[in-house]
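Comments concern the structure below.
The values are calculated or read from the model by the stated rules, or taken from the named source; none is laboratory data. Quick caveat, the model's predicted, so the values are computed rather than measured. Backbone-built Cβ (ideal geometry, glycine too); neighbour counts: all protein chains shown. To get the accessible areas, we keep the full protein, side chains included, count just its heavy atoms, and leave off ligands, DNA and RNA. Shrake-Rupley method; radii C 1.70, N 1.55, O 1.52, S 1.80 Å.
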Amino acid sequence: MLAKAIQVLMMFDIANIYLGNSISITAMVSNSNNEIIAGTVDVYINSTFIGTKNIAEPFTYTPSELGKHNIEARFNEDSTYNASSGKASFNIA
């Protein structure tokens with residue numbers, strides 16, 4: 001039986017998000033012991049696939065439009081953990 005990857009969390013500094021400026025985003029996936037697990041997540045911004053990123057490694061995103069930006073990181077099931085996902089959002093005004 002697979003263990004559930006219980007939490008997918010995105011971290012970014014909302015104080016420095018401006019149109020055209022790059023921001024660093026990190027997706028963290030933890031198990032039931034709050035240990036960060038290894039693997040990858042599929043990242044979507046405003047429902048558009050951005051790419052597959054390593055867990056706990058920052059990646060860069062540059063907002064090109066004003067308004068709300070929704071981020072979703074999806075951890076795909078592997079031989080140890082079930083699939084899981086997490087969402088976050090920020091606004092470019």
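Things to note:
- Residues that are of a type in the set (A, V, I, L, M, F, W, C) and open to solvent by 50 Å² or more (accessible area, probe 1.4 Å) occur in the range 15-29; there is at least one.
- Residue list for the range 61-88, restricted to those being open to solvent by 60 Å² or more (accessible area, probe 1.4 Å) and within 12 Å of Met10 (Cβ to Cβ): Asn70, Arg74, Ser85, Lys87
- Residues being out of contact with any Gly (no Cβ under 9 Å at 6 or more places or on another chain), open to solvent by less than 20 Å² (accessible area, probe 1.4 Å) and free of Cβ contacts under 8 Å to residues at least 40 places away in the same chain - total across the range 30-60: 3
- Leading residue by the ranking (nearest to Ile6 (Cα to Cα)) among those in the range 65-93 that are part of a loop (DSSP other than H, G, I, E, B) and at pLDDT below 90: Ala83
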